[in-house]
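Report on one structure; see the data block that follows.
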Amino acid sequence: MRFIKLLFDWVFLALAWFALLLLVCMTALIFADVFCRYLLHFSIAWADEITLIFLVWYVFIALAIGVRKGVHTSIDLIKILVPNKYLDWTATRLVDLLTILFGGLLVYFGKELIEIGTYSTLASIDLPSYWEYIFIPISGVLVMYSALVRMFQGKSAEHQVDLLDTIFMNKADHNV
């Protein structure tokens with residue numbers, strides 16, 4: 001089990017660095033396209049399409065990391081109205097189950113989009129369309145993993161320190 005946790009820690013770390021690289025590349029591409037369009041009077045034909053692909057990848061990578069870190073918006077109305085610790089535990093497990101279901105839907109429909117994308121190509125870069133959707137099922141698997149870990153460990157994501165925190169926030173990871 002420790003090996004699987006370490007493996008997923010490294011996967012999340014690699015994806016965090018990849019997301020950072022995607023953000024830098026998107027910014028550079030948009031800057032270069034605007035510079036060329038307004039100062040050199042030509043446009044980079046493939047810049048919009050590549051930027052869109054990078055944006056989709058970035059969003060789904062950030063979704064998986066956000067679920068792992070528990071930083072997405074949540075509604076604490078049940079905790080406020082009924083401060084019972086058993087109800088709180090039940091509501092947390094229900095949220096975890098719904099998150100697992102959501103991850104499963106990402107895997108299923110992401111796979112469907114990839115299959116549909118094999119029959120078409122992107123206009124300006126002549127790649128199969130499935131490249132745009134490749135991170136949707138990957139994100140779904142990572143979302144399900146994060147929710148399962150949270151469900152069985154019984155800890156909230158805010159109280160977990162992992163490899164991402166160790167690298168990016170200089171906190172000690174006591175799980176490794």
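Give me the residue from segment 43-70 that is touching a residue at least 40 places away in the same chain (Cβ under 8 Å) and in a loop (DSSP other than H, G, I, E, B) and, out of that set, surrounded by the fewest Cβ atoms within 10 Å (Cβ to Cβ).
That would be A45.
Of the numbered conditions (1) of a type outside the set (A, V, I, L, M, F, W, C); (2) modelled with pLDDT under 90; (3) in a loop (DSSP other than H, G, I, E, B), Y119 satisfies every one except a single condition; which is it?
(2)
Scan segment 25-42 for residues that are assigned to a helix (DSSP H, G or I) and either farther than 14 Å from I53 by Cα or modelled with pLDDT under 95 (or both) and jot them down.
Passing the criteria: A28, F31, A32, D33, V34, F35, C36, R37, Y38, L39.
Can you tell me which residue is farthest from K69 (Cα to Cα) among those in segment 9-59 that are among the aromatic types (F, W, Y) and under 13 Å from the mean Cα position of the chain (by Cα)?
By that ranking, first place goes to F54.
The values are calculated or read from the model by the stated rules, or taken from the named source; none is laboratory data. The structure displayed is predicted, hence computed values, not measured ones. All Cβ positions, glycine included, derive from the backbone under ideal geometry; neighbour counts span all protein chains shown.
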